[in-house]
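Down below is the structure, laid out as structure tokens.
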Amino acid sequence: MTCAVISDIHSNLEALEAVLAAIDGFTVDAVYCLGDIVGYGPNPNECTKAVLERCTAAVRGNHDKAVVGLLSLEWFNPVAADGALWNRKNASEETLARIRALPQGPLDVGDGILLSHGTPMDEDRYLIDLPAIQESFAMLDDTFPHVRFCFNGHSHYPIIIRRRAKKARPEVVKGGERLRLEPGATYLINPGSVGQPRDGNPHASFGILDTSRLVYRNIRVVYRIQETQRKIIDAGLPKELAWRLGDGR
Ligand code: ZN
């Protein structure tokens, strides 16, 4: 089976539309979303509608929770909190209800695929340091032993971590755009962020996994960043949110 995986859209409609158009260029059996549909950006309603209409399954992210009041804004820096409050104020009742109804990860969607926003243990935790990586693999061994591909978002940083066998040391794989996957290995994969990439590359990021051919692709898509930046400024959202899109930070 082939699936597309998107994450961290953050109310960026131009990036989302560009990514969904790119996904149209593939034959996929499913589209999965790892959360943070809203927060930061200027189009919460349009993005929620487009993601939930297109995605086969989605889990919630910390910004989704914050926007609907399920997570205190005290955990957010002032710019993120401003963005969350603006999204809450400008989201329709229908959008808020749909975001509130998103399930908490991890979500087992079959085919050896698990969806989580942060780590599989904690949706709010970044999967970026070695303890988090080791605990994630341990949790897969204990609770989801059939999972081969654990997708996670949250850091907005595309990365692939491979563990060749149960006792083996996890390693970061530099796959470039197209990576051949190993049959016996287990992977933690972050497809990067659609709406606010932070790896220095401003282009929208997503993943395509083919579990039959064992190929994973991280794809970057050019979108109309200046249009999104203009909307952010016009909406009265913090200007930093516009600038960072241009830098991919
Ligand atoms: Zn996010």
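Within region 8-31, the residues that satisfy the criterion of being open to solvent by 20 Å² or more (accessible area, probe 1.4 Å) and touching a helix residue (DSSP H, G or I) at 6+ places or on another chain (Cβ under 9 Å) are 13, 17, 20.
Scanning region 16-54 for residues that are within 13 Å of the ligand (Cβ to nearest atom) and part of a loop (DSSP other than H, G, I, E, B) yields 34, 35, 36, 37, 38, 39, 40, 41.
I'd like the full set of residues that are more than 12 Å from the ligand (Cβ to nearest atom), crowded, with 24+ Cβ neighbours inside 10 Å and β-branched (Val, Ile, Thr), limited to region 58-73.
If we filter region 58-73 for residues that are more than 12 Å from the ligand (Cβ to nearest atom), which is where we start, we get 58-59, 68-73.
Now drop any that are not crowded, with 24+ Cβ neighbours inside 10 Å, which leaves 58-59.
Answer for region 58-73, where residues must be more than 12 Å from the ligand (Cβ to nearest atom), crowded, with 24+ Cβ neighbours inside 10 Å and β-branched (Val, Ile, Thr): just 59.
In region 198-207, the qualifying residues are those that are in contact with a Lys or Arg (Cβ under 8 Å, 6 or more places away or on another chain) and crowded, with 21+ Cβ neighbours inside 10 Å, and the one that is farthest from residue 4 (Cα to Cα) is 204.
Looking across region 74-110 at every residue that is surrounded by fewer than 17 Cβ atoms within 10 Å (Cβ to Cβ) and part of a loop (DSSP other than H, G, I, E, B), the one that is nearest to the ligand (Cβ to nearest atom) is identified as 77. In a residue-by-residue description of region 163-186, the property of being touching a residue at least 60 places away in the same chain (Cβ under 8 Å), over 25 Å from residue 124 (Cβ atoms) and open to solvent by less than 40 Å² (accessible area, probe 1.4 Å) applies to no position.
In region 43-57, is there at least one residue being buried (at least 22 other Cβ atoms within 10 Å of the Cβ) and farther than 16 Å from residue 101 by Cα? Yes - at least one qualifying residue is present in region 43-57. For residue 235, the conditions (1) open to solvent by less than 60 Å² (accessible area, probe 1.4 Å); (2) within 19 Å of the chain's Cα centre (by Cα) all hold with the exception of (2).
Pairing residues of region 132-147 that are touching a residue at least 40 places away in the same chain (Cβ under 8 Å) and on the phi < 0 side of the Ramachandran plot with residues that are among the hydroxyl-bearing types (Ser, Thr, Tyr) and open to solvent by less than 50 Å² (accessible area, probe 1.4 Å), at Cβ distances under 8 Å and at least 6 apart in sequence or on separate chains, gives 136/119; 137/186; 140/186.
The values are calculated or read from the model by the stated rules, or taken from the named source; none is laboratory data. Note that the structure is a prediction, hence the values are computed from the model and not measured. Neighbour counts run over all protein chains shown; Cβ positions are idealised from the backbone, glycine included. Protein only, heavy atoms only, side chains kept; ligands, DNA and RNA dropped before computing areas. Shrake-Rupley method; radii C 1.70, N 1.55, O 1.52, S 1.80 Å.
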